[in-house]
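Below is one structure; the comments refer to it alone.
The values are calculated or read from the model by the stated rules, or taken from the named source; none is laboratory data. On a predicted model such as this, the values are computed, not experimentally measured, just so you know. Ideal geometry is used to build each Cβ from the backbone, glycine not excepted, and the neighbour counts take in all protein chains shown.
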Amino acid sequence: MAKAIKFNLQFGEYEKPIRNINELRDNFNIDLVLESYYNGLLQRWLLAQGETDNFEKITTISADICDNKHTLAHKLCEIINPSISQNDIIEGTYIYEFRKIEEDKLEKYATTTSNRTSIIEDYHSGYDDILSRMEENADTYQFLKVSITELFANYKLLFTLDLKAFYNRYIFDYPLVILAVLANEKMRKLLLEKFDIAEIYLDITESERKIKSFVEKFNSNTKLPHVKQCTDENYNDVHEQNKKVLLLSDRSGKNLTPFMLYTVPQLTPPFLYVPWKNLSLPQHIQKYSRTTDDYWAENLPSADKPCMIIDIQAGNKIRNFGKIMEEFDGAEVKGKFMIFNGINYKSKNKKDTLKYMEI
């Protein structure tokens with residue numbers, strides 16, 4: 001049998017050539033791994049490297065796993081690089097999906113006689129498609145993170161023109177989308193050219209603003225994606241899943257006074273309601289409430305995890321993780337959505353809550 005000739009694994013023009021399995025793990029790229037798996041290059045490379053065990057594991061992956069990119073990405077990482085985080089796997093798979101969409105468009109333009117009008121229509125429909133998918137995945141930060149990068153890379157002009165409508169579309173119904181924009185340095189600049197950061201902070205953190213928006217939309221028959229109906233049949237499930245709800249209509253269906261919050265046992269079905277989780281901060285936001293006195297808390301994200309501060313009380317202290325000569329008072333940080341490279345935090349009041357999100 002002829003000896004397999006070793007070759008480097010490479011993707012595009014900008015990736016570092018991968019010469020062996022250790023370099024693949026050290027420079028792991030989900031996009032590269034998925035692409036090379038689907039075109040068969042990964043399998044040939046592993047065989048040429050003498051990685052017969054990994055080759056056999058990968059070539060025996062079942063067809064149903066291969067048909068789902070996210071499941072396949074997890075399986076490939078489990079075999080080749082099990083130390084990679086779940087968030088990185090998810091994010092990398094979305095990057096691959098978005099890249100393939102753009103490549104398919106370019107291939108279409110290259111192989112057909114597309115005219116100027118159809119290209120413009122494709123441009124707008126591509127933008128609208130991303131926005132719709134962001135609604136569908138509004139609780140998945142990894143998807144939103146990749147989507148925001150895609151918007152800047154391919155739809156910056158349209159995004160800039162559409163910015164006011166974009167903000168109004170998401171701020172109260174899907175606030176994590178706006179937070180994902182703020183977490184992206186380039187898109188953040190575009191957003192803050194149109195909107196005052198202090199107002200964004202109030203829209204994100206004050207439940208009263210969100211409640212008012214829900215009530216106004218309900219009264220004007222505007223689309224409200226989070227409105228649900230409680231009937232006798234599903235009352236027990238509603239009761240179990242919700243500690244508190246915003247009631248939008250009574251038994252007769254008439255509008256009620258704005259800002260009416262109830263616990264479910266107070267209500268008699270049928271009624272329309274918004275779950276409290278849709279009136280509060282997104283679940284991706286993490287909270288830390290603990291007295292640390294004059295010591296820096298040690299159980300918060302470290303320097304390899306950038307974080308955006310959502311809320312902090314004045315008098316508490318914060319700094320980038322391990323940055324010894326640095327210290328910000330909460331008053332300097334509050335309402336600015338500042339980004340830190342990991343977090344050190346001090347608080348003398350256990351009732352105060354630091355709110356942040358890993359980005």
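Consider segment 127-165 and keep the residues that are of a type in the set (Asp, Glu) and assigned to a loop (DSSP other than H, G, I, E, B). The one that is farthest from THR222 (Cα to Cα) is ASP139. Can you name the helices (runs of 4 or more DSSP H) wholly within segment 34-117 that have at least 1 residues being surrounded by fewer than 14 Cβ atoms within 10 Å (Cβ to Cβ)? The qualifying helices (runs of 4 or more DSSP H) are 52-59, 63-66, 69-80, 86-111. Restricting LYS317, LYS305 to residues that are touching an Asp or Glu at 6+ places or on another chain (Cβ under 8 Å) and without any contact (Cβ under 8 Å) to a residue 40 or more places away in the chain narrows the list to LYS317. Filtering segment 160-194 to residues that are out of contact with any Asp or Glu (no Cβ under 7 Å at 6 or more places or on another chain), under 23 Å from PRO306 (Cβ atoms) and of a type in the set (A, V, I, L, M, F, W, C) leaves VAL177, ILE178, LEU179, ALA180, VAL181, LEU182, ALA183, MET187, LEU190, LEU191, LEU192.
Conditions (1) touching a His at 6+ places or on another chain (Cβ under 6 Å); (2) at pLDDT below 95; (3) assigned by TED's automatic domain parsing to the domain that holds PHE195; (4) surrounded by fewer than 20 Cβ atoms within 10 Å (Cβ to Cβ), marked per residue:
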residue	(1), (2), (3), (4)
ASN299	no, yes, no, yes
ASP311	no, no, no, no
GLY330	no, no, no, no
GLY335	no, no, no, yes
LYS351	no, yes, no, yes
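Residue count for segment 155-187 satisfying the condition of being of a type in the set (Lys, Arg) and touching a Leu at 6+ places or on another chain (Cβ under 9 Å): 2.
More than 23 Å from THR140 (Cα to Cα) and either part of a loop (DSSP other than H, G, I, E, B) or in contact (Cβ under 8 Å) with a residue 40 or more places away in the chain (or both): is that true of ASP293 in this structure? When the stated conditions are applied, ASP293 passes them.
Within segment 248-268, restricting attention to residues that are in contact with a Lys or Arg (Cβ under 8 Å, 6 or more places away or on another chain) and part of a loop (DSSP other than H, G, I, E, B), the residue that is modelled with the highest pLDDT is THR263.
Residue count for segment 166-219, restricted to those that are surrounded by fewer than 16 Cβ atoms within 10 Å (Cβ to Cβ) and part of a helix (DSSP H, G or I): 17. Residue check: LYS317 meets all listed conditions (1) surrounded by 14 or more Cβ atoms within 10 Å (Cβ to Cβ); (2) closer than 24 Å to ARG188 by Cα; (3) of a type in the set (Lys, Arg) but one, namely (2).
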